[in-house]
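The values are calculated or read from the model by the stated rules, or taken from the named source; none is laboratory data. Since this is a predicted model, take the numbers as computed values, not measurements. All Cβ positions, glycine included, derive from the backbone under ideal geometry; neighbour counts span all protein chains shown.
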Amino acid sequence: MTTVPPPPAAGYPPAGMGKRMLAYVIDLAIVLVVAAAVFALTRSVVLTAVVAFEVVVAFVIWEGHAGATPGLLALGIRTVRAGTPVTVGVIRLLPRQLMFGASHLLGLGQFLLLGTAAGDMRGRQQAWHDLISDAQVIDVRAIRRAESSGAPGRVADLSAYIPPVTAAAPAAASPAVGDVMSRRAAAQQTPLAPPAAPAAVAQPIPQATPEPTPPRAPSPQPEAPSASADRGVEAATVAPPLVQPAAALLAFRLEDGQIVPIDRAGYIGRSPRAPEGAPRDSLLVTVPDPDRSMSRTHARFGVSAGTLWFEDLGSGNGSMLRLADGRSGPLTPHQRITVQPGMRIFLGDRTVEVVTNAD
């Protein structure tokens, strides 16, 4: 039995309040520079306002999908879901951005709103508008410095903490199969005739005229079993009996509360399809994804030796796995990994929880 080492301490380093304010100033400066350039070229206040609004919307979409804006990129910080490295998504981030935009009506209200991050007692430095969308701004450069120095950080290789997928032991050969193979081998082998004894030297005797004898009919030889008949016997004895699928012990819980029992291999995505050659009864799990952050067929899963495995199929936005203790890390595409109850799988902006079927 292999002992799994305990994971290091959890936690993503939050971005400092000063970095967040400076990132906002950089983004604001870009919007003002673009607006000033449009006004200088057109002298139209309406067109200038429209272009400035479009730049702001582009920043909001960018931050929702990639967790970044020009200011955030310049300072090495990103906006993610609290406690995870996964981006928030445009729709989920929208209430946060609307509240932050409304704070501009109070003059310097945006800086006061950012300053509320100092009162976060959990150490995540989440401001009030962050809490609406469960967002957090993390310091990516601090994570990279910790990884390069060998300091404990996030899980980089989940295989050190999760048991690998073990292949089921091959089933023992059926006695019927052994009988068929024995008969086939016996039919193909020809027994060797024993060596003839040396002829003895005989004395010459007077030759007599032999009487003619009637010809003897050849003795009938047994027919060798034909290949088609042998194949028929083999097909009749080798064909496995139909086995009813066992009751599912594990299940996926989607964000809307739906429980999907896992009793066979299948595929998951926003519109999954089983590829050519896959079993016709493959389980297809459709995850509602209005943001289209998932791939159509994002990943596949199955049951092996009583355990549930999961494999990302090279999806566009990738997959993340959060352990039961809160630590998380990315999944390597096309590599199976064992998942257990209490773990959460992030597929793009969507989340699937592994639970027991009794939950």
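At-a-glance table
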quantity: Region 29-84, subset aromatic (Phe, Trp, Tyr) and closer than 20 Å to LYS19 by Cβ, residue farthest from the chain's Cα centre (by Cα); calculated: PHE59
quantity: Every residue from region 303-318 that is closer than 20 Å to ARG350 by Cα and at pLDDT below 90; calculated: GLY314, SER315, GLY316, ASN317, GLY318
quantity: Residues that are farther than 17 Å from GLY83 by Cβ and either touching a Leu at 6+ places or on another chain (Cβ under 8 Å) or among the hydrophobic types (A, V, I, L, M, F, W, C) (or both), drawn from region 348-359; calculated: VAL354, VAL355, THR356, ASN357, ALA358
quantity: THR87 among the hydroxyl-bearing types (Ser, Thr, Tyr) and part of a helix (DSSP H, G or I); calculated: no
quantity: Qualifying residue in region 327-337 (condition: under 22 Å from VAL80 (Cβ atoms) and more than 15 Å from the chain's Cα centre (by Cα)); calculated: yes
